[in-house]
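Asker: Okay, here's the structure, questions in a sec.
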Amino acid sequence: MYLAKIHVTLKPSVLDPQGVAVGAALRHMGYKEVAGLRQGKYLELRLEDKGLTLEKAKARVEQMCAKLLANTQIERYEFSLKKAPKA
Amino acid sequence: MRFAVLEFPGSNCDHDCMHALGTVMRQKAELVWHERDRLPAGTDCVVVPGGFSYGDYLRCGAVARFSPVMKAVFEHARRGGLVWGICNGFQILAESHLVPGVLLRNKHLRFLCQDVYVRVERRDSAFTSAAREGQVLRLPIAHGEGNYFCEPDTLKRLQDHRQIVLRYCDAGGEASEESNPNGALENIAGVLNAQGNVLGMMPHPERVSEAILGGTDGRVLFESALQALTTR
């Protein structure tokens, strides 16, 4: 089994009103040091490893991110991929 | 004329579109379930209605874009057939890259359910030929993610090819920040693809197609599409 841990975040050029609102809430709570907050998504993806090299799996996850998991017009993604025990 | 109104799990304006097209405009309209892999024979125009397809999971429209029926829609669009996405339909078309750009969360984070004014930016399109020059339409919006965004080079292309077809404005037709309900770039409420046969728009013309429902301004767009299809 492989486990991919994927982070999808808005590009810096795209306004994140949710992140702004959550950051403002933290400041209102007294955390005056909060200088900024960007909200994103975290996905865990498990892959069958039968007949799939780590290299190939990486390429597949890359495709999945580009085609569906992120909209690359507004978002960036990064991921790690490791062998993992069966869930 | 034959209209195909797509239905995804979570569509909720499909029957409004059927009513506007079938009962009000007296056209042949058929609901098409998203798992079908082809459109009804002789389909002239595909309508992608509003709603919350797949519960807006991941991003609005992102999952619906991979439904089997969309392959047939891409083929229909490629051949020059009309495709018309309304609200969530616009989001689906944007995720499909049938129209440029994306719809982000509304600037002030609120779901907006209200009437807005939009200005018709060009009359020489398949969806606006029945409008008067610069006509201002009063149409309802109902969305949480209608904040149109695209990269600067895409915006330049939209402007160069006159793809911006509807802009949010005030009752007098002035497009300003105050008349922009959701923060959309350049007050964009509706865009065409480069070929002009695919339209994505956030307001709901199907909800104002007869006086008893509070207005008839939406009819202008339906009448335009019929004109375009009749003169093809």
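The values are calculated or read from the model by the stated rules, or taken from the named source; none is laboratory data. Everything numeric in this text was worked out from a predicted model, so none of it was measured. Please note: Cβ atoms are built from the backbone with ideal geometry, for glycine as well, and neighbour counts cover all protein chains shown.
Asker: Given the conditions (1) modelled with pLDDT under 95; (2) closer than 26 Å to B:ILE92 by Cβ, report the number of the one that A:LEU45 does not fulfil.
Answerer: (1)
Asker: Kindly indicate whether any position in the stretch A:57-76 is in a helix (DSSP H, G or I), touching a strand residue (DSSP E or B) at 6+ places or on another chain (Cβ under 6 Å) and either modelled with pLDDT under 95 or among the basic types (Lys, Arg) (or both).
Answerer: So far as the stretch A:57-76 goes, yes, one or more of its residues are in a helix (DSSP H, G or I), touching a strand residue (DSSP E or B) at 6+ places or on another chain (Cβ under 6 Å) and either modelled with pLDDT under 95 or among the basic types (Lys, Arg) (or both).
Asker: Which one of these is modelled with pLDDT of 95 or more, surrounded by fewer than 21 Cβ atoms within 10 Å (Cβ to Cβ) and not hydrophobic (A, V, I, L, M, F, W, C): B:ARG79, B:ARG65, B:ARG59?
Answerer: Every option except B:ARG79 fails the conditions.
Asker: Take the residues of the stretch B:2-31 that are part of a strand (DSSP E or B) and over 13 Å from B:ALA64 (Cβ atoms): which is nearest to the chain's Cα centre (by Cα)?
Answerer: My answer is B:VAL5.
Asker: Please find, within the stretch B:105-125, the residue that is farthest from the other protein chains (Cβ to nearest Cβ) out of those that are over 24 Å from B:GLU174 (Cβ atoms) and touching a strand residue (DSSP E or B) at 6+ places or on another chain (Cβ under 8 Å).
Answerer: Ranking the candidates gives B:PHE111 first.
Asker: Restricting to the stretch A:48-81, count the residues that are farther than 30 Å from A:VAL14 by Cβ and in contact (Cβ under 8 Å) with a residue 24 or more places away in the chain.
Answerer: 4
Asker: Further question: Quick one: which of A:LEU10, A:LEU45 is farther than 30 Å from B:LEU185 by Cα and within 14 Å of another protein chain (Cβ to nearest Cβ)?
Answerer: Step by step, each of A:LEU10, A:LEU45 is checked, and only A:LEU45 is farther than 30 Å from B:LEU185 by Cα and within 14 Å of another protein chain (Cβ to nearest Cβ).
Asker: Another question, if that's okay. How many residues are over 26 Å from B:THR230 (Cα atoms) and of a type in the set (Gly, Ala, Ser) when one looks only at the stretch B:31-53?
Answerer: Residues that pass the stated criteria total 2.
Asker: With respect to B:LEU104, determine if the residue is of a type in the set (A, V, I, L, M, F, W, C) and surrounded by fewer than 19 Cβ atoms within 10 Å (Cβ to Cβ).
Answerer: For B:LEU104, the condition - of a type in the set (A, V, I, L, M, F, W, C) and surrounded by fewer than 19 Cβ atoms within 10 Å (Cβ to Cβ) - is not met.
Asker: Sticking with this one: In this structure, does A:LYS56 turn out to be closer than 28 Å to B:SER67 by Cβ and away from chain B (no Cβ under 14 Å)?
Answerer: Yes.
Asker: Which condition number in (1) over 30 Å from B:PRO100 (Cα atoms); (2) within 12 Å of another protein chain (Cβ to nearest Cβ); (3) surrounded by 15 or more Cβ atoms within 10 Å (Cβ to Cβ); (4) hydrophobic (A, V, I, L, M, F, W, C) is the one that A:LEU81 fails?
Answerer: Result: A:LEU81 fails condition (2) only.
Asker: Being basic (Lys, Arg) and either part of a loop (DSSP other than H, G, I, E, B) or in contact with a Phe, Trp or Tyr (Cβ under 6 Å, 6 or more places away or on another chain) (or both) is the filter here, so list the residues in the stretch A:27-46 that pass it.
Answerer: Passing the criteria: A:LYS32, A:ARG38.
Asker: If you don't mind, another one. Any residue in the stretch B:170-191 that's more than 14 Å from chain A (Cβ to nearest Cβ) and surrounded by 19 or more Cβ atoms within 10 Å (Cβ to Cβ): show its pairings with residues that are modelled with pLDDT under 95 and assigned to a loop (DSSP other than H, G, I, E, B) at Cβ separation under 8 Å, as long as the two are six or more apart or on different chains.
Answerer: Partner pairs satisfying both residue conditions: none exist.
So that you can scan it fast, the table gives a plain yes or no per residue for (1) out of contact with any Gly (no Cβ under 9 Å at 6 or more places or on another chain); (2) touching a residue at least 12 places away in the same chain (Cβ under 8 Å); (3) under 18 Å from B:ARG207 (Cβ atoms):
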position: B:HIS76; (1), (2), (3): yes, yes, no
position: B:GLY81; (1), (2), (3): yes, yes, no
position: B:CYS87; (1), (2), (3): no, yes, yes
position: B:LEU103; (1), (2), (3): no, yes, no
position: B:ASN106; (1), (2), (3): no, yes, no
position: B:ARG138; (1), (2), (3): no, yes, yes
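Asker: If you go through the stretch A:23-37 one residue at a time, how many are within 14 Å of chain B (Cβ to nearest Cβ) and surrounded by fewer than 15 Cβ atoms within 10 Å (Cβ to Cβ)?
Answerer: 2
Asker: Answer yes if at least one residue in the stretch B:214-231 is closer than 18 Å to B:PRO49 by Cα, among the aliphatic types (A, V, I, L, M) and part of a strand (DSSP E or B), and no otherwise.
Answerer: no
Asker: Could I ask something else about it? Taking into account only those residues within the stretch A:59-77 that are more than 17 Å from A:LEU3 (Cβ to Cβ) and β-branched (Val, Ile, Thr), which is farthest from the other protein chains (Cβ to nearest Cβ)?
Answerer: Of everything passing the filter in the stretch A:59-77, A:THR72 is farthest from the other protein chains (Cβ to nearest Cβ).
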